[in-house]
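For reference, the structure discussed in these notes is given below.
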Amino acid sequence: MRIVVLLSAGRYPVSDRPALPRLEAQAIALAQSLAGETSGLHAGTDEAGIADAFGHGLDAVEMLDIAAEADPVPALAAHLKAHPADLILAGRRGQGGEDTGLVPYALAEALGLPILCDVAAIAAADAPGAMRFDQALPKGAKRRVTLRLPALVTVHPLAPAPSPYVFARARRGVVRHLPGVSEPAKAAPFEEKPYRERPKLMRKAGAQAGEAAEKVHLHPDPDEAARLILDHLKRIGIRRYS
């Protein structure tokens, strides 16, 4: 099985020095827990930003040389189409400047691969050509998903901690420079709208539950029912917007 870990040129939030994002270090640890050949892949110009990946366990990183202002997705997609991987791992978000977290999704769309977000654990599945993933959900819940490869997954902070940094291993890492496809970055399809206050649906619902339970109206006429509903919504803090 060929495993590729996507690497970004991260920055440490305090000192602003080049640093490997923790989620990508966790992705390396997940990849190393599987039986397969693992390598890193980066599209950009900043070799210093990915150097820590060697200390956390990678032996080699393929660096696609593109212009500093270029979109990394076309270069990554072209390389992975020419050199397919069974499993692609990425962090759920970057650790740099104006990171949007959309690169894994745009890359999965360009490659025509399924994407599974917020993976905390990976193991072999009974079905041939598939893997079993534990997906982290809100409030500490998890969901087990079996997915047929090839696929792209993003890593959740609840994944196993990164492997300890080893300086000797960091010195042995190899960066292989390859020409990449340089295409200008496209403006994200975001739409700005003025802020509008939303109705407070649950703010006072719990406090009013007992009071509401005591007021049961059987078979009221439509006008009376409408008035009772409006009075209740006003009492629990839901406002009506015209």
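Inspection of the stretch 83-106 finds no residue satisfying the criterion of being buried (at least 20 other Cβ atoms within 10 Å of the Cβ) and polar (S, T, N, Q). Inspect all residues belonging to the stretch 5-24 and state whether any of them is buried (at least 16 other Cβ atoms within 10 Å of the Cβ), small (G, A, S) and over 21 Å from S163 (Cα atoms). No, the stretch 5-24 contains no residue that is buried (at least 16 other Cβ atoms within 10 Å of the Cβ), small (G, A, S) and over 21 Å from S163 (Cα atoms). Condition check for T146 on (1) exposed (fewer than 15 other Cβ atoms within 10 Å of the Cβ); (2) closer than 30 Å to Y12 by Cβ; (3) touching a strand residue (DSSP E or B) at 6+ places or on another chain (Cβ under 8 Å): one failure, at (2).
Pairs are defined by a Cβ separation below 7 Å, a sequence spacing of at least 6 or placement on different chains, a first member in the stretch 107-127 that is free of Cβ contacts under 8 Å to residues at least 60 places away in the same chain, and a second member that is of a type in the set (F, W, Y); the pairs so defined are I115/Y105; L116/F133. Do the conditions hold for A75, that is, is it more than 24 Å from H156 (Cβ to Cβ) and aliphatic (A, V, I, L, M)? Answer is yes for this residue.
Where a number appears in this text, it was derived from the coordinates with a stated rule and is not lab data. Keep in mind that what you see is a predicted model, and the values were worked out from it rather than measured. Positions of Cβ are generated from backbone atoms using ideal geometry, with glycine treated the same way; all protein chains shown enter the neighbour counts.
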